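Asker: Please find one structure pasted underneath; my questions will follow.
The values are calculated or read from the model by the stated rules, or taken from the named source; none is laboratory data. Owing to the predicted nature of the structure, the values given are computational and were not obtained by experimental measurement. Glycine gets a Cβ as well: all are built from the backbone with ideal geometry, and neighbour counts include every protein chain shown. Ligands, DNA and RNA are excluded from the accessible area calculation, which covers all protein heavy atoms including side chains. Shrake-Rupley method; radii C 1.70, N 1.55, O 1.52, S 1.80 Å.
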Amino acid sequence: KTGCITSLFDKRRGFESLAPSSCGNELQAFADNPKNYDAWNVDPGTLDAAPTLLHEADEVKMVETGPLRSVLRITRSWNKSKFVQDLVLYADSNQLIVHNNFDWHEQHILLKAAFPLASTNKFATYEIPYGTIQRPTTRNNSFERARFEVPALRWADEGDGTHGLSLLNSSKYGYDAVGSVLRLSLLRGPTWPDPVADQGKQIFDYAIYPHSGTWRSANTMAHGWEFNYPLQAMQVTSHEGTLPAARSFLSLDATHVTLTALKKAEDGNALIARFYEWSGDPDKVTLTVPVGAKSATLVNLMEKPEGDPLAITGGKVTVPIAPYQIQTVRIDY
């Protein structure tokens, strides 16, 4: 009747992610009337008022079942808008994808998806460029109350260290967490400077990733990247070529280090590899580089050399990295 997710139970590890008798993936509509800069601001107090809960489903039905995946479709209507959500669960997957196809015709409304969690913490963690940041889930003083909406990149996470839940997104960058409730901002309806901003078809995805341990041990960072940049398969005809059956342009041996760029150098016959450490652990990272490298050097963001050349042995370069550091290596050919 409601389309609520009432349970997310991990059979392998034996834990429940959602709070008892709660509504997961609950659509909540808040009155949204900023005093200034309508399309930019969410004013303090917006999330303190009780939202309208979209608990009446027009239809809930299975639209696909099979060995690869199952899809449950939830259709809702509210005011002038229509909301179709496909809950997609793949075989052997550890995350639930929510595919949204909305026809949005609301103004001065902020729509959120809410997840009341079984595992709570005084802080939630959010991904920011080249790292993470924590924000309190309490509102005990003016400083905490001022942090009601958090801009983030690909994910947010809340958990007690034993279990947790990461909420992954591919195009929605506003979150908030209060107590045990983690929410993602989905849509707004500002009228200035564009009187019809955001109106009409809205198609986007987000994913729910319950996990044991912390977001670090659950490798949430990699899940966020993979959700935004999925592997793409291409079918080609048989043909001759000089490359081997398998080839990697570059690989790193540290799971807590992410490669964000591999490009040709701005000057000279060289490759630039940029990567960063996101877990707070210093390490030595070994890069396996394409065949034929003559030398390697640490450079800055402007690709200017910093320090002595790095040794290349058997196509491998070892680079020290500090907690949360961005490193850039130039590989000459």
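Asker: Among the residues of region 226-252, which ones are within 25 Å of residue 318 (Cβ to Cβ) and either open to solvent by 100 Å² or more (accessible area, probe 1.4 Å) or touching a Cys at 6+ places or on another chain (Cβ under 8 Å) (or both)?
Answerer: Matches in region 226-252: 247, 249.
Asker: Turning to a different aspect of this structure: Could you list all residues from region 258-296 that are without any contact (Cβ under 8 Å) to a residue 12 or more places away in the chain and surrounded by 19 or more Cβ atoms within 10 Å (Cβ to Cβ)?
Answerer: none
Asker: Which residues, counting only those in region 201-215, are outside any strand (DSSP E or B) and touching an Asp or Glu at 6+ places or on another chain (Cβ under 9 Å)? Even if it seems obvious, please write down each step before you answer.
Answerer: As a first pass, look at region 201-215 and keep what is outside any strand (DSSP E or B): 213-215.
Those that are outside any strand (DSSP E or B) and touching an Asp or Glu at 6+ places or on another chain (Cβ under 9 Å): 214, 215.
Asker: Restricted to region 211-225, and to residues that are open to solvent by 40 Å² or more (accessible area, probe 1.4 Å) and closer than 14 Å to residue 257 by Cα, which residue is farthest from the chain's Cα centre (by Cα)?
Answerer: For region 211-225, the residue satisfying everything is 217.
Asker: Run down 198, 194, 176 and say which single residue is in contact with a Ser or Thr (Cβ under 9 Å, 6 or more places away or on another chain) and either within 28 Å of residue 81 (Cβ to Cβ) or assigned to a strand (DSSP E or B) (or both).
Answerer: The unique qualifying residue is 176.
Asker: Same structure, new question: Please determine whether any residue of region 222-239 is of a type in the set (Val, Ile, Thr) and under 30 Å from residue 169 (Cβ atoms).
Answerer: Among the residues of region 222-239, not one is of a type in the set (Val, Ile, Thr) and under 30 Å from residue 169 (Cβ atoms), which makes the answer no.
Asker: Among the numbered criteria (1) among the basic types (Lys, Arg); (2) open to solvent by 50 Å² or more (accessible area, probe 1.4 Å); (3) under 16 Å from the mean Cα position of the chain (by Cα), which single criterion is violated by residue 183?
Answerer: Among (1) among the basic types (Lys, Arg); (2) open to solvent by 50 Å² or more (accessible area, probe 1.4 Å); (3) under 16 Å from the mean Cα position of the chain (by Cα), residue 183 violates only (2).
Asker: Within the set of pairs 6+ apart or on separate chains, which have a first residue in region 303-328 that is under 22 Å from residue 281 (Cβ atoms) and in contact (Cβ under 8 Å) with a residue 40 or more places away in the chain, a second that is surrounded by 16 or more Cβ atoms within 10 Å (Cβ to Cβ) and of a type in the set (Gly, Ala, Ser), and C-beta atoms under 9 Å apart?
Answerer: That search, which allows pairs on different chains as well, returns 321/254; 323/279; 324/131; 324/279; 327/273; 328/273.
Asker: Sticking with this one: Tell me, which residue of region 255-297 that is more than 24 Å from residue 324 (Cα to Cα) and in a strand (DSSP E or B) is farthest from the chain's Cα centre (by Cα)?
Answerer: So the residue we want is 295.
Asker: Could you check region 101-160 for strands (runs of 3 or more DSSP E) lying wholly inside it with 1 or more residues that are over 19 Å from residue 223 (Cβ atoms)?
Answerer: Passing ranges, in order: 109-116, 123-128, 131-136.
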